[in-house]
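The values are calculated or read from the model by the stated rules, or taken from the named source; none is laboratory data. Quick caveat, the model's predicted, so the values are computed rather than measured. Note: ideal-geometry Cβ built from the backbone for every residue, glycine included; neighbour counts use all protein chains shown.
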Amino acid sequence: MRIGFSKSEMRFPNGLEMAGYSERKEKSTGRLSPLEIASICFEDDHKAIFFCVLDILGIPRGLSFDSAIPIATHTHSGPKPSVVVEMLKEVVKHNNRLSGSALAELTRIEVLSFNSPGVCSLRTERETKRPLEGRLLVFSSTSDRVGLLIFPCHPTVLGPDNTKYSSDLAGSIRNKLEVLFGFPVVFLNSCCGDVSTRFTRKSRDFHEIERLSELFASSIKVLSTTAFEPGELQFQRTCLSLPLKNHSEDLEIPADKYALSGYELSKARSLEDQEASRIAPLALVSIGDIAFLFLPFEVLYSTGETLREIMLSIFEHAEVVCYSLAYLSYLTPRKAYGTYEYYASPYSGAAHDLLVAHVQDLINKRGDPT
């Protein structure tokens, strides 16, 4: 097994429509922090797979590759993905070539599990002191090391008033960890549909990004460290057809003020956009005993725990990565009724159960010795 890594800045012109906030009408006016792309190539004797991580809101239609998994960090301070598809295609191809040319023998994988309180919180519980779990996967090769940070948090410190490009909290956290650990770190967003800095941030500017990322770096308390030997690389793509809400259904105006914007988003969604959400691409990648499930949705923290538990029935370690392959909005369990996430979702209550059942079926087939 071999691994290669590359990273570069994505330079987008000013004057582009920005993504992340419907109330932001102004176009981009400059750069606050770099928007980056990182490419990690995993290769064995039979195949090569690329994890391509981009500082954008979500993966736009048209950005798909046979052997690459595009992943968004979900920054709300980048250009609207649909207006930069061709530019994204070029930077992905370029960085894949670079990471593929930097291959070295993968010798060891270490998984560091940790808790980081106070940086973000569950919006549904509004409990700011509950520590949320994350993992740092460190891949060591004969030439270097690279880390994959899997942590659930909407990087939305900067608000709709900001018109400058920025990787927001995701970029600042990885920069702090690169200094702390001495090797490059790539931020992969996990199941953060109801996780954000809404109740932990004190302001919405660059200084607050620095404060929260410093808190993240200084408060990491390692719970455990597990070492893995590199194993066989396996890759499987699949698609899932999901039931949608009745587009003409009259939803009750939510009593919770935080749910109002989700209600308005649902009302503004066109029938065409709703129908485009029906087919969802998924991918399952395993490197020996470590598995990654890639989803295009925004799912809740509790859903991530459920999916990881299913994966851990056959894998020693499992990660769920969201905002990958496509960008398909919220998918919520029935218990989320009445929340912002419920109103923002185009899917009916049965969709969540179908996703869980589909992942269970994928895992059962992987574990079937026949």
Residues (of a type in the set (Gly, Ala, Ser) and either part of a helix (DSSP H, G or I) or in contact with a helix residue (DSSP H, G or I) (Cβ under 6 Å, 6 or more places away or on another chain) (or both)) located in the stretch 314-357: ALA318, ALA336, ALA344, GLY349, ALA350, ALA351, ALA357
Residues (surrounded by 13 or more Cβ atoms within 10 Å (Cβ to Cβ) and touching a Leu at 6+ places or on another chain (Cβ under 8 Å)) located in the stretch 244-278: HIS247, PRO254, TYR263, SER266, GLN274, SER277, ARG278
Of the criteria (1) farther than 25 Å from GLN234 by Cβ; (2) out of contact with any Phe, Trp or Tyr (no Cβ under 6 Å at 6 or more places or on another chain); (3) assigned to a helix (DSSP H, G or I); (4) not small (Gly, Ala, Ser), which one VAL92 fails: (1)
Filter pass, THR156 being assigned to a strand (DSSP E or B) and at pLDDT 95 or above: no
Any hit, the stretch 133-152, residues being under 18 Å from the mean Cα position of the chain (by Cα) and polar (S, T, N, Q): no
Members of the stretch 38-87 that are of a type in the set (S, T, N, Q) and within 26 Å of GLU178 (Cβ to Cβ): SER39, THR73, THR75, SER77
All strands (runs of 3 or more DSSP E) inside the stretch 197-306 with 1 or more residues being modelled with pLDDT under 85 and in the same structural domain as GLY147 (by TED's automatic domain parsing): 221-228
Residue list for the stretch 19-55, filter: of a type in the set (Val, Ile, Thr) and under 20 Å from the mean Cα position of the chain (by Cα): ILE37, ILE40, ILE49, VAL53
